[in-house]
């Protein structure tokens with residue numbers, strides 16, 4: 001299944017961008033307001049990435065490693 005990170009620019013100082021993670025059917029899975037620009041996110045909304053090369057690094061990398069070691073499913077990524 002493919003997921004999309006949809007971004008809408010707002011005029012709000014508290015959250016310049018409004019992000020929605022949608023599945024192929026258009027169902028909204030997660031939302032977030034932020035002043036930062038993101039290129040990708042996990043579909044559960046735990047991790048947002050400013051650049052594609054940051055996927056699998058830092059806290060997200062540790063989460064992926066833990067999932068692999070414990071035979072857990074890795075959360076899919078949504079892209080802009």
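The values are calculated or read from the model by the stated rules, or taken from the named source; none is laboratory data. Computed from a predicted model, the values in this text were never measured in an experiment. Positions of Cβ are generated from backbone atoms using ideal geometry, with glycine treated the same way; all protein chains shown enter the neighbour counts.
List of remarks:
- Within this structure, residue 65 passes the test of being without any contact (Cβ under 8 Å) to a residue 60 or more places away in the chain, out of contact with any helix residue (DSSP H, G or I) (no Cβ under 8 Å at 6 or more places or on another chain) and not in a loop (DSSP other than H, G, I, E, B).
- Residue list for segment 57-80, restricted to those being within 23 Å of residue 20 (Cβ to Cβ) and either touching a strand residue (DSSP E or B) at 6+ places or on another chain (Cβ under 9 Å) or modelled with pLDDT under 95 (or both): 60, 63, 73, 74, 75, 76, 77, 78, 79, 80
- Within segment 25-46, the set of residues being more than 13 Å from residue 79 (Cβ to Cβ) and either assigned to a loop (DSSP other than H, G, I, E, B) or touching a residue at least 60 places away in the same chain (Cβ under 8 Å) (or both) comprises 25, 26, 27, 35, 36, 37, 44, 45, 46.
- All positions within segment 5-22 that are loosely packed, with under 14 Cβ neighbours inside 10 Å and more than 10 Å from residue 34 (Cβ to Cβ): 8, 9, 10, 11, 12, 13
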